[in-house]
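Structure, as structure tokens:
Each reported figure results from applying straightforward, stated rules to the coordinates on display, with no laboratory input. If you're wondering where the values come from, they're calculated on a predicted model, not measured in any experiment. In this analysis, Cβ positions are derived from the backbone assuming ideal geometry, glycine residues included, and neighbour counts consider all displayed protein chains.
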Amino acid sequence: MVQDLIDELGQLPGIGPKSAQRIAFHLLQADGADVQRLITALAEVKEKVAFCTMCGNIAQATLCRICADPRRDGQAICVVEEPKDVVAIERTGEFRGRYHVLGGAISPMDGIGPEQLRVAELMSRLASGEVVEIILATDPNIEGEATAAYLARQLKPFGLRVTRLASGLPVGGDLEYADEVTLGRAFEGRRLIDA
């Protein structure tokens, strides 16, 4: 029974065998009320949380809180791969537009093409003519770059401003530890300093 729990915890992303074992034994030693709260939270999330019919973000109603907010700028859509990316961008407080969650990235090796993503839904959102900018915020890896390139080609006929998030060196990082691609992008995306 304990091994079953460890095996199930080990299926979670980012949880290896050692972490799964630690969590399982922590739960065994935890207060019954604490464990029950965790069980209740998991059950409620599965029961009550769905995906926004407009953008694909997580939602507790038909629309997510961002799509339902009339104060958000409908002229800019930030395209991301997963709902967790929305959370990361929202934490910055820099973007006041709307989002579109693709549900992944193009990955031929995994059998994921544009048809498996929410690309058609993105194109239908552009029919109103309200959108003037699409920000491609896919991951800076091979799949994310391929997805961004594909979307840029698909969006070209719409005459929109299509931008890509800058990439480069992290704050607090050391140049000696940066790989060549990251350092190269940092040079490409350099900007003028006002003195």
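Hey, which aspartates and glutamates would be in cross-link range of Lys156, C-alpha to C-alpha under 18 Å, not counting anything within fewer than 8 residues on its own chain?
Glu121, Glu130, Glu133, Glu145
Under 8 Å for C-alpha pairs, at least 6 residues apart: give me the relative contact order for the stretch 58-164, rounded to a whole percent. Mind showing how you got there, number by number?
Numbers: 132 pairs, mean separation 29.2, N = 107.
Averaging sequence separation for qualifying contacts and normalising by length gives 27 percent for the stretch 58-164.
Once you order the gyration tensor axes a ≥ b ≥ c over the Cα atoms, which shape class does the stretch 2-48 get: rounded for a/c under 1.5, otherwise prolate or oblate by comparing a/b with b/c? Don't skip to the end; give the middle numbers.
Details: a/c = 2.50, a/b = 1.29, b/c = 1.94.
Since a/c reaches 1.5 but b/c is at least a/b, the shape of the stretch 2-48 is classed as oblate.
For a Förster distance of 45 Å, can you work out the FRET efficiency between the beta-carbons of Met123 and Ala178, rounded to the nearest 0.05?
Numbers: r = 36 Å, r/R0 = 0.81.
That pair, Met123 with Ala178, gives E of 0.80.
Residue farthest toward the positive end of the dipole of the chain, with Cβ of Lys/Arg at +1 and Asp/Glu at -1: which of Ala33, Pro17, Ile193?
Of the listed residues, the answer is Ile193.
Please give the calculated 222 nm ellipticity per residue for the chain, where each DSSP H segment of at least 4 residues contributes -39500 (n - 2.57) and the sum is spread over every residue; nearest 500 deg cm²/dmol?
Working: 7 runs with 78 residues, N = 195.
Here the helix-only value at 222 nm equals -12000 deg cm²/dmol.
Gain in length, Glu8 to Ala61, computed as 0.36 nm per residue apart minus the alpha-carbon separation, to one decimal in nm?
Roughly 16.2 nm would be gained on extension.
If the elastic network links every pair of Cα atoms under 10 Å, which of Pro83, Pro108, Pro13 fluctuates the most in the Gaussian network model of the chain?
Judging by the Gaussian network model, the answer is Pro13.
Report, as a whole number in µm² per second, the diffusion coefficient that Stokes-Einstein gives for the chain at 4 °C and 1.567 mPa s using the Kirkwood radius over alpha carbon pairs.
Details: Rh = 19.8 Å.
It diffuses with D of about 66 µm²/s by this estimate.
Among 171-181, 43-53, 117-127, how do they line up by average Cβ neighbours within 10 Å per residue, starting with the highest? Intermediate values should be presented prior to the final figure.
Working: 171-181: 8.5, 43-53: 12.1, 117-127: 15.7.
Per-residue mean Cβ counts within 10 Å order the peptides as 117-127, 43-53, 171-181.
Note down the magnitude of the dipole of the stretch 31-98 about its Cα centre, charges +1 on Lys and Arg C-beta and -1 on Asp and Glu C-beta and zero elsewhere, to the nearest 20 debye.
Numbers: 10 positive and 11 negative charges, 55 e Å.
Using Cβ point charges on Lys, Arg, Asp and Glu, the stretch 31-98 gives about 260 debye.
Using only Cα atoms, tell me the angle between helix 32-48 and the longest principal axis of the chain; keep it within 0 to 90° and round to the nearest 10.
Computed tilt is about 40 degrees.
Using 18 Å as the cut-off for backbone N distance, which residues of the stretch 33-72 belong to the label zone defined by a point 7 Å from the Cα of Leu27 along Cα→Cβ?
33-47
Among Leu42, Leu165, Leu151, rank each residue by its count of other Cβ atoms within 10 Å, from fewest to most, as a rough exposure measure. Spell out each step's value before the answer.
Numbers: Leu42 10, Leu165 16, Leu151 24.
If I rank by nearby Cβ atoms, fewest first, I get Leu42, Leu165, Leu151.
Rounded to the nearest 5, what is the percent of antiparallel bridges among the DSSP beta bridges in the chain? The partial results should precede the final answer.
Values: 3 of 16 bridges.
Antiparallel bridges: around 20 percent, rounded to the nearest 5.
Looking at the chain as a GNM with Cα springs under 10 Å, which of Thr62, Thr92, Thr138 has the largest mean-square fluctuation?
Most flexible of the set in this elastic network: Thr92.
Springs between alpha-carbon pairs under 10 angstrom, Gaussian network model over the chain: which of Ala41, Ala20, Ala166 fluctuates most?
Sorting by GNM fluctuation, first place goes to Ala20.
Take every DSSP beta bridge whose two residues both sit in the stretch 58-164, then give the antiparallel share in percent to the nearest 5. Can you show the working numbers first?
Values: 1 of 14 bridges.
Given both bridge residues lie in the stretch 58-164, the antiparallel proportion sits at roughly 5 percent.
Would you please put 140-148, 66-74 in order of how densely packed they are, using the mean number of other Cβ atoms within 10 angstrom per residue and starting with the highest? All intermediate terms of the calculation are to be shown ahead of the outcome.
Numbers: 140-148: 17.3, 66-74: 13.0.
Ranked by mean Cβ neighbours within 10 Å, highest first: 140-148, 66-74.
So which lysines pass the test for Lys46, namely a Cα distance under 24 Å, with those fewer than 8 places away in the same chain ruled out?
Reachable lysines: Lys84.
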